[in-house]
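*Asks:* Below you'll find the structure I mean.
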Amino acid sequence: MLLNAKDILWKGIIEDLFSDFLYFFYADADELFDMERGFEFLDKELGELYPGVDVHHPMFVDKLVKVYKKDGAEELLLIHIEVQGYRDPLFTHRMFTYFCRILDRFHKEVASIAIFTDNDKSYCPNTYEYNSLDTSTIFRFKTYKIKGQDREMLENSDNPFAIVVLTVLIALEKSEGRPGEVFNLSVDLARRLFRKGFSKLKITRLFHFLTSYVYFDNKEMFINFEREIAAFTNKEKPMGITELATQLIKEDGKEEGIEIGMRNTKVSMITNLLLKSDHSLAEIAAFTEVPIDFVIEVKNNLPVADR
C-alpha cells in the first residue's frame, strides 16, 4: 500500500466535485443548499481543533466545509472518509468528539457523514451512545458504505461522483487479487466516463482519480490499458495518461491554471510518498506518472532532515 496517496486523491476529488458530492448524497440538495453561493473548505480551521494531532492520518480523511442553505443559514458539513477502513472500537466516539468540538468552536449547525471504503460489508457504524447514571445521549450520523453498492445503478447515474464510487469498487476488487477483472472493469469505466457527456475538466479530474486510485503496478497491464484508451479516444498511438489529461485541458481552454493545479497535486503526492514510504524514486515516478527528474527535484527541495 502506497501510504498517503489515496487520501490526497480523496481530498482533491471532493474539492473538485463538491456540488456533485452534495447532489449524490442528498437527494433534496436543490431544496437544501444554495449552490450559487459556493462553498468554503475549512481545512486550516479543522486542523486547529486538534492541536498536536496528525490531521493527515493515512487511514482516514476529514474535510470540513461551510455550505449555505436556501433559508440563508450557514451549515458546517463534516465529511469523514475511512480510506483503508478497519474496525475501530473508538470510531463513533471520535465522530461524536469531532461534532462537539466543531459545534462549540463555530456555533453553527453541523452535519456529519462517514464514508467507508473497506472490504468489510458488515462494518458501518453510525451511532454513538453514552450512558452514565441519569445522563445519556445518542448521536447518529449519515454513513455510506461503498462495498456492496449497486454497480449497475452507479453505472447508469449521471452524477460524476458515481464514477468516484465505481473507481473505489474497482480498487476493492484489486485488493482481493483479481487483476484480470480489475483491468476489464477499469477499461469499461474509462469508456463510460468519456461517453457521459461531462465537461472536459471533470473528465480530466475523474480520469486522473481512476488511473491513480486503481493504479496498474504491472507494467504490461498499464501499457495495454493505455492502448485501450487510445483505441476508444481515436488516437493513432497510445497516449500517456498525463499527456491525455493535458490534451483534454487544452481542448477545454483552461490549460494554464489547471496545469499548475495538477503540478501542485503531483508535488504533494510525491512529497508524501518520499516521506512515508520506502519506494524507490523510479517507483514513485511510475506511480505519479512524472519523469524521475521531477521526483528528484521534489526530493531536493525537501528540508535537509527529511531527505
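The values are calculated or read from the model by the stated rules, or taken from the named source; none is laboratory data. If you're wondering where the values come from, they're calculated on a predicted model, not measured in any experiment. Neighbour counts are summed over all protein chains in view; Cβ atoms, including those assigned to glycine, are modelled from backbone coordinates with ideal geometry.
*Asks:* Filter the range 208-224 down to residues that are under 20 Å from the mean Cα position of the chain (by Cα) and either part of a helix (DSSP H, G or I) or modelled with pLDDT of 80 or more (or both) and give me whichever is nearest to Leu17 (Cα to Cα).
*Replies:* Phe209
*Asks:* Looking at the structure I just gave you, is Met59 modelled with pLDDT under 85 and either of a type in the set (Phe, Trp, Tyr) or more than 18 Å from Phe18 (Cβ to Cβ) (or both)?
*Replies:* Working: modelled with pLDDT under 85: yes; either of a type in the set (Phe, Trp, Tyr) or more than 18 Å from Phe18 (Cβ to Cβ) (or both): yes.
When the stated conditions are applied, Met59 passes them.
*Asks:* Let me ask something additional. Among the residues of the range 49-56, is there at least one that is modelled with pLDDT of 80 or more and either charged (D, E, K, R) or within 22 Å of Phe25 (Cβ to Cβ) (or both)? Outline the logic, then answer.
*Replies:* Here is the first cut: in the range 49-56, the ones modelled with pLDDT of 80 or more are none.
No.
*Asks:* Quick one: would you say Tyr123 is farther than 19 Å from Val67 by Cα, among the hydroxyl-bearing types (Ser, Thr, Tyr) and touching a Lys or Arg at 6+ places or on another chain (Cβ under 9 Å)?
*Replies:* Numbers: farther than 19 Å from Val67 by Cα: yes; among the hydroxyl-bearing types (Ser, Thr, Tyr): yes; touching a Lys or Arg at 6+ places or on another chain (Cβ under 9 Å): yes.
It is true that Tyr123 is farther than 19 Å from Val67 by Cα, among the hydroxyl-bearing types (Ser, Thr, Tyr) and touching a Lys or Arg at 6+ places or on another chain (Cβ under 9 Å).
Yes/no matrix, rows are residues, columns are (1) in the same structural domain as Ile13 (by TED's automatic domain parsing); (2) out of contact with any strand residue (DSSP E or B) (no Cβ under 7 Å at 6 or more places or on another chain); (3) modelled with pLDDT under 70; (4) crowded, with 17+ Cβ neighbours inside 10 Å:
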site	(1), (2), (3), (4)
Glu259	no, yes, yes, no
Arg263	no, yes, yes, no
Lys276	no, yes, yes, no
Glu283	no, yes, no, no
Ala286	no, yes, no, yes
Val290	no, yes, no, yes
Asp293	no, yes, no, no
Asn301	no, yes, no, no
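*Asks:* May I ask you to say which residue of Arg227, Arg205 is more than 23 Å from the chain's Cα centre (by Cα), modelled with pLDDT of 50 or more and charged (D, E, K, R)?
*Replies:* Details: Arg205 fails: more than 23 Å from the chain's Cα centre (by Cα).
When all the criteria are applied, what remains is Arg227.
*Asks:* Then there's this: So, in the range 128-145, how many residues would count as being touching a Ser or Thr at 6+ places or on another chain (Cβ under 7 Å) and loosely packed, with under 14 Cβ neighbours inside 10 Å?
*Replies:* The qualifying residues number 3.
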